[in-house]
Every structure is written in structure tokens, then in C-alpha cells.
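The block underneath contains the structure these notes are about, expressed in C-alpha cells.
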Amino acid sequence: MADSRRGSGTPPRVLALGATSAIAEATLRLLAERGASFFLVGRNPAKVAAVRDDLLTRGAAEARTGIVDLDQAGEHPALLAEAVAALGGIDVALVAHGVLGDQAAAEKDYAVAEAVLRTNFLSAVSLVTWLANYFEEERRGTIAVISSVAGDRGRKSNYVYGASKGGLNIFLDGVRNRVDRAGVQVLTIKPGFVATPMTAHLPRNALFAPPARVARDIVRAIRTRKDVVYTPAFWGAILLVLRCIPRRIFKKMNL
Ligand SMILES: NC(=O)c1ccc[n+]([C@@H]2O[C@H](COP(=O)([O-])OP(=O)(O)OC[C@H]3O[C@@H](n4cnc5c(N)ncnc54)[C@H](OP(=O)(O)O)[C@@H]3O)[C@@H](O)[C@H]2O)c1
């Protein structure tokens with residue numbers, strides 16, 4: 001984590017957007033054990049307070065909170081400025097909130113698709129735009145965003161969610177190429193299946209990873225200043241194969 005902040009070895013000041021996500025919570029726990037300070041953002045006050053209390057018992061130096069529905073992009077600038085002021089600066093921003101949505105409903109009703117795109121794509125674009133300018137001026141820092149392997153190729157079973165994450169991946173690629181020269185890390189996190197509330201309705205199989213495993217990969221990827229991390233790592237190989245399947249065959253597959 002040392003590279004993300006001014007002095008090497010100093011515990012980072014972490015802004016977590018969607019702090020109540022199971023993947024975010026597991027990641028924040030690892031950072032709390034290293035004495036990090038937090039500004040935790042979520043839309044459910046009771047859940048955010050529970051995450052804050054848990055992190056404080058695990059060694060967090062400080063944990064402030066902000067209660068915001070992150071779909072409300074108009075509230076982002078004031079929220080982010082408040083986080084910077086509360087922590088005296090940010091070293092790592094983790095953007096974790098997201099929704100899976102209902103693919104079948106989205107195929108029939110644009111309003112359903114729009115809601116998925118607003119939460120997963122537009123709100124992240126708004127947050128990352130502000131954060132990229134903040135860190136670019138600071139000439140340091142890390143923006144880590146949880147995307148998904150689903151953004152690597154459009155599949156018939158979840159292309160609305162996939163499009164929200166695919167668009168996010170392209171956006172993050174571009175921001176990275178802009179702010180890298182200012183010393184800012186932009187990390188695109190691509191988990192496969194993770195056993196969290198988001199996937200609670202899906203039958204579990206051997207491909208599902210626990211959030212703690214994904215969290216370890218995220219913390220390592222931040223520390224080693226990676227651009228993109230597939231987590232668990234075997235998803236990189238799976239997606240390499242999936243991306244190579246010719247379109248004329250892929251469109252006949254039940255994926
Ligand atoms: N689980 C997987 O298999 C998987 C795979 C690939 C990528 N991901 C991505 O990983 C990220 C975290 O998901 P998760 O698996 O940890 O699921 P999760 O535990 O269900 O977390 C989703 C979080 O997003 C928050 N959220 C949704 N809309 C929001 C909004 N408008 N404003 C504020 N917060 C909002 C939810 O808040 P509430 O608690 O208030 O509802 C919840 O904390 C998501 O971006 C997801 O797309 C997950």
C-alpha cells in the first residue's frame with residue numbers, strides 16, 4: 001500500500017464507495033488490520049454503521065461515514081470533498097457499489113436497463129471523473145474500481161450488466177492512460193463469481209470464490225500498482241479463451 005501515499009509504510013487513508021458490499025467489506029478488513037483510516041459511503045445507515053464498527057474493532061485508525069444513494073451523481077462532488085476534508089486527503093479510493101439487475105426484465109423494459117447502467121456505469125463515471133482530477137493534482141494515489149469479467153464479452157444471459165461493466169472498463173482504460181503520467185494508479189478489478197448477497201440466488205459451484213479471497217487479490221494489486229486484475233486469477237485464462245471464440249460459434253452457445 002506504500003506507493004499510494006506520501007510516506008512509505010504509512011497506513012493509507014481509504015475512501016470506500018459502496019462500503020457495505022461484501023467484497024468491499026472483506027477488502028477494507030485487510031486494510032483495517034494495517035491501521036488504515038476510512039471514509040465509508042453507502043446508502044443504508046445501519047449497514048454502514050455496522051461496517052464502521054467492525055473496522056474499528058479490527059484496527060482501523062479512524063472511520064467516518066457518509067450516507068448517499070450513489071445513483072445521485074449531483075451529490076458526488078460535495079460527498080467527495082467532505083471525504084477529503086474528513087481524512088485530510090485520500091490515498092486509495094475503492095469504487096465497489098453495483099447491481100446485477102434483472103436481465104430478462106431489461107430485455108423488455110428500457111427503464112430496467114437504464115437503472116443498471118446508471119448505478120454500474122454512470123455513477124462510477126461521475127465518481128472517477130472527480131477522483132481522477134483530485135489525484136492528478138496530488139500527483140499520486142489509487143483509484144480501484146470493481147468491474148467484472150462480464151464486461152469482457154457480451155453474453156446473451158447478462159448483456160445489460162455486461163455492457164455496464166464493459167463500458168466502465170473502456171472508461172477506466174482511458175482515464176488510466178491520462179493520469180498514469182501524474183503517478184496515479186487506476187486499477188480495474190475483474191472478479192468472476194463471488195459468493196456475496198449479489199449472487200445469493202444463484203446455485204453455488206466450484207467457480208465461486210469467497211469475498212476474502214478476492215479481497216486479498218485486490219489489496220495485492222493495489223500494492224503492486226497493477227492496471228487490471230482478474231480475481232481469482234484463473235478467470236484471466238477463462239476470459240482469454242472466451243474472447244477467442246469466433247462470433248459465429250459464440251452466438252450459438254448458451255452462455
Ligand atoms: N458477486 C459477484 O459474483 C461479482 C462478480 C463480479 C463483479 N462484482 C461486482 O462487485 C461489486 C460489489 O458487489 P458484491 O458482490 O460485493 O455484492 P453486494 O454485497 O450485493 O454489494 C453491492 C453493494 O452495492 C451497493 N449499492 C448498489 N446500488 C447502490 C447505490 N445506488 N448507492 C449506494 N450503494 C449502492 C449495495 O448497497 P445496499 O447494501 O444498500 O444495497 C451493496 O452494498 C459490484 O460492483 C459487482 O458488480 C460482483
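The values are calculated or read from the model by the stated rules, or taken from the named source; none is laboratory data. These numbers come from a predicted model, not from an experiment. When we count neighbours, we look across all protein chains shown, and the Cβ atoms used for this are built from the backbone with ideal geometry, even at glycine. Ligands, DNA and RNA are excluded from the accessible area calculation, which covers all protein heavy atoms including side chains. Shrake-Rupley method; radii C 1.70, N 1.55, O 1.52, S 1.80 Å.
Based on what the data block shows, is residue 224 exposed (fewer than 13 other Cβ atoms within 10 Å of the Cβ) and either touching a Leu at 6+ places or on another chain (Cβ under 9 Å) or closer than 21 Å to residue 138 by Cβ (or both)?
Yes: the conditions hold for residue 224.
Looking at segment 22-45, which of its residues are in a loop (DSSP other than H, G, I, E, B), within 15 Å of the ligand (Cβ to nearest atom) and small (Gly, Ala, Ser)?
Passing the criteria: none in range.
Determine if segment 199-209 includes at least one residue that is touching a residue at least 40 places away in the same chain (Cβ under 8 Å) and closer than 23 Å to residue 14 by Cβ.
Within segment 199-209, not a single residue is touching a residue at least 40 places away in the same chain (Cβ under 8 Å) and closer than 23 Å to residue 14 by Cβ.
Can you tell me which of (1) open to solvent by 10 Å² or more (accessible area, probe 1.4 Å); (2) part of a helix (DSSP H, G or I); (3) in contact (Cβ under 8 Å) with a residue 60 or more places away in the chain; (4) of a type outside the set (Lys, Arg) is the one residue 236 doesn't meet?
The single condition residue 236 does not satisfy is (3).
Which residue pairs have Cβ atoms under 8 Å apart, sit 6 or more places apart or on different chains, and have a first residue in segment 128-139 that is open to solvent by less than 60 Å² (accessible area, probe 1.4 Å) and a second that is of a type in the set (Phe, Trp, Tyr)?
From segment 128-139, the pairs are 128/171.
In segment 161-189, which residues are more than 16 Å from the ligand (Cβ to nearest atom) and either of a type outside the set (Val, Ile, Thr) or within 18 Å of residue 233 (Cα to Cα) (or both)?
Passing the criteria: 173, 174, 176, 177, 178, 180, 181, 182, 183, 185.
Tally up the residues in segment 190-216 that are more than 10 Å from the ligand (Cβ to nearest atom) and under 17 Å from residue 150 (Cβ atoms), please.
2
Filter segment 46-74 down to the residues that are in a strand (DSSP E or B) and open to solvent by 70 Å² or more (accessible area, probe 1.4 Å) and list them by number.
Listed by number, the residues that qualify are 64, 67.
Failed condition for residue 74, given (1) in contact (Cβ under 8 Å) with a residue 12 or more places away in the chain; (2) out of contact with any strand residue (DSSP E or B) (no Cβ under 7 Å at 6 or more places or on another chain); (3) within 15 Å of the ligand (Cβ to nearest atom), with all others met?
Looking at each condition in turn, residue 74 falls short on (1).
Does segment 147-157 contain at least one residue that is open to solvent by less than 20 Å² (accessible area, probe 1.4 Å), away from the ligand (no atom under 13 Å from the Cβ), assigned to a loop (DSSP other than H, G, I, E, B) and not aliphatic (A, V, I, L, M)?
Within segment 147-157 (the criterion being open to solvent by less than 20 Å² (accessible area, probe 1.4 Å), away from the ligand (no atom under 13 Å from the Cβ), assigned to a loop (DSSP other than H, G, I, E, B) and not aliphatic (A, V, I, L, M)), the answer is no, since none of the residues qualifies.
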